[in-house]
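In what follows, a structure is listed as structure tokens, so that the remarks can point back to it.
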Amino acid sequence: MTPSAEAGAVATLIRWRLAARGVVAWALVALALFAGAALGAPRVGVLTMAPGEVFFERFGHNAIVIDPQDGREPTSYNFGYFDPGEPDFLARFVAGTMRYRLVALPLEADLAHYRASGRGVSVQWLDLDAKEAGALAAMLEVNARPENAVYDYRYFTDNCSTRVRDALDAALGGLLKRTLTASSEGNSHRSEAVRLASPAVWMGTGFHLGLAAKADRPLSRWDEAFIPMRLADSLRTVERADGRAIVASEAEVLPHRLAPEPAEMPQLGFEAAVAGFALAFGLLWLGRRAPRAVAAFAGGFWLLAGLAGTTMLFLWFGSGHDFAWGNENLFLLSPLAWLLLPGAFRAMRGRPPGRLFGVVIVLVLALAAAGAFLKLMPFMKQANVEWVVLLLPLHWALARHFRRLAATTTADR
């Protein structure tokens with residue numbers, strides 16, 4: 001056989017194999033579509049779990065429950081499982097490339113944790129046609145197999161709740177997406193993340209400081225369904241073309257015994273401005289009486305600024321946390337603050353901070369001022385006014401104090 005003939009034979013074989021795979025794929029789809037009619041339609045529900053007190057429980061949770069209605073126990077399809085024992089778990093967590101998996105387990109086994117921790121659980125039973133319910137049950141069963149269960153987790157765009165949303169939308173032929181992309185409540189990834197994390201002050205502060213402008217885009221109801229409770233709210237609004245509601249009934253499965261989730265993201269612009277200016281003028285007053293105390297405060301502040309700025313740079317250039325890329329708070333918390341620490345230590349011992357110190361502190365202040373000025377520009381869309389009014393006065397007061405201290409030292413000489 002000539003080389004060209006061999007190539008033609010290989011190409012023909014590949015086409016046959018692709019065609020065979022296509023036939024198999026369509027056969028599986030058809031089997032799923034008619035499973036409900038052939039075997040009896042299961043009942044489908046969406047479980048929504050209220051937020052808990054552990055940091056990874058703050059956003060709530062959800063799952064799809066399939067009740068075969070034939071005497072067997074309902075199955076909970078839960079997309080929220082991860083394995084902290086994986087060898088590369090910590091590295092993936094830092095890099096923003098975590099792996100989650102879908103797990104199918106008996107409903108009562110899934111509810112046990114929420115019952116023990118006091119988290120409320122509700123169920124929305126859906127009004128699905130037999131073919132829709134059967135196709136969804138078949139799809140979830142295949143998806144839960146070990147070879148299919150793992151997926152690349154993304155906090156805002158591909159998580160346990162968006163997987164529930166997407167599975168329901170596929171079963172409904174795209175009805176959810178068509179309906180929910182057409183409306184918005186004006187929420188953003190920042191407002192939702194900070195709202196739900198705010199009971200843990202460190203967590204809410206970290207989200208607010210670490211999220212960049214990408215997190216401030218208004219979300220459609222479809223996009224805000226990354227929050228399980230928002231998805232539950234939106235399901236109540238979805239109707240078919242004939243006016244039939246998707247949600248047939250709702251029930252409380254477990255009572256919620258913890259504090260309710262916050263209704264809104266805290267708005268602290270005024271408080272931040274008051275704190276910023278009060279600290280600034282307090283430092284200037286204290287600097288004339290106890291300059292070493294101001295130097296100690298400055299050292300702590302610049303240490304935190306350096307750590308925060310370095311972390312934001314890493315998230316931007318060294319991780320997959322794309323909602324932290326290009327963070328405008330780098331103007332206010334620059335990694336250049338590391339260069340100020342030696343001068344702060346010298347000032348704490350009553351010695352001049354040094355010539356380089358004077359240049360760097362002015363540069364740090366200039367960056368903070370530039371960040372504040374640029375907030376007037378339409379292309380600077382990050383919601384970080386609280387950080388501007390809190391941190392800019394501190395940079396100004398510290399620069400003024402050390403400049404005055406340097407002038408006093410020079411005069412004494």
Restricting the first residue to region 76-102 and requiring it to be under 18 Å from residue 48 (Cα atoms), which pairs with a second residue that is β-branched (Val, Ile, Thr) and not in a strand (DSSP E or B) meet a Cβ separation below 8 Å and a spacing of at least six or different chains? 79/164
Of all helices (runs of 4 or more DSSP H) fully inside region 57-154, the set with 1 or more residues that are farther than 25 Å from residue 319 by Cβ is 107-117, 130-143
If we scan region 75-84, do we find a residue that is assigned by TED's automatic domain parsing to the domain that holds residue 42, of a type in the set (Val, Ile, Thr) and within 24 Å of the chain's Cα centre (by Cα)? no
Output the qualifying pairs, or none if there are none: Cβ atoms under 6 angstrom, residues six or more apart or on different chains, first residue in region 195-211 and more than 18 Å from residue 307 (Cα to Cα) and outside the structural domain of residue 316 (by TED's automatic domain parsing), second residue in a helix (DSSP H, G or I) and not hydrophobic (A, V, I, L, M, F, W, C). 197/204; 198/204
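For every residue, the table says whether it meets (1) within 28 Å of the chain's Cα centre (by Cα); (2) outside the structural domain of residue 110 (by TED's automatic domain parsing); (3) crowded, with 16+ Cβ neighbours inside 10 Å.
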residue: 274; (1), (2), (3): no, yes, no
residue: 285; (1), (2), (3): no, yes, no
residue: 288; (1), (2), (3): no, yes, no
residue: 301; (1), (2), (3): yes, yes, yes
residue: 315; (1), (2), (3): yes, yes, yes
residue: 323; (1), (2), (3): yes, yes, yes
residue: 330; (1), (2), (3): yes, yes, yes
residue: 352; (1), (2), (3): no, yes, yes
residue: 356; (1), (2), (3): no, yes, no
In this structure, does residue 145 turn out to be in contact (Cβ under 8 Å) with a residue 24 or more places away in the chain, under 24 Å from residue 89 (Cβ atoms) and of a type in the set (Lys, Arg)? no
Enumerate the pairs (first residue in region 108-121 and in the same structural domain as residue 60 (by TED's automatic domain parsing); second residue anywhere and surrounded by 15 or more Cβ atoms within 10 Å (Cβ to Cβ) and assigned to a helix (DSSP H, G or I)) with beta-carbon separation below 7 Å, excluding pairs fewer than 6 apart on the same chain, so at least 6 apart or on different chains. 121/111; 121/114
Apart from one, (1) surrounded by 18 or more Cβ atoms within 10 Å (Cβ to Cβ); (2) within 25 Å of residue 193 (Cα to Cα) all hold for residue 138; the odd one out is (2)
For residue 248: the one exception among (1) among the aliphatic types (A, V, I, L, M); (2) surrounded by fewer than 20 Cβ atoms within 10 Å (Cβ to Cβ); (3) out of contact with any strand residue (DSSP E or B) (no Cβ under 6 Å at 6 or more places or on another chain): (3)
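The values are calculated or read from the model by the stated rules, or taken from the named source; none is laboratory data. Since the model is a prediction, treat every value here as computed from it, not as a measurement. Note that we place each Cβ from the backbone using ideal geometry, even for glycine, and neighbour counts take in every protein chain shown.
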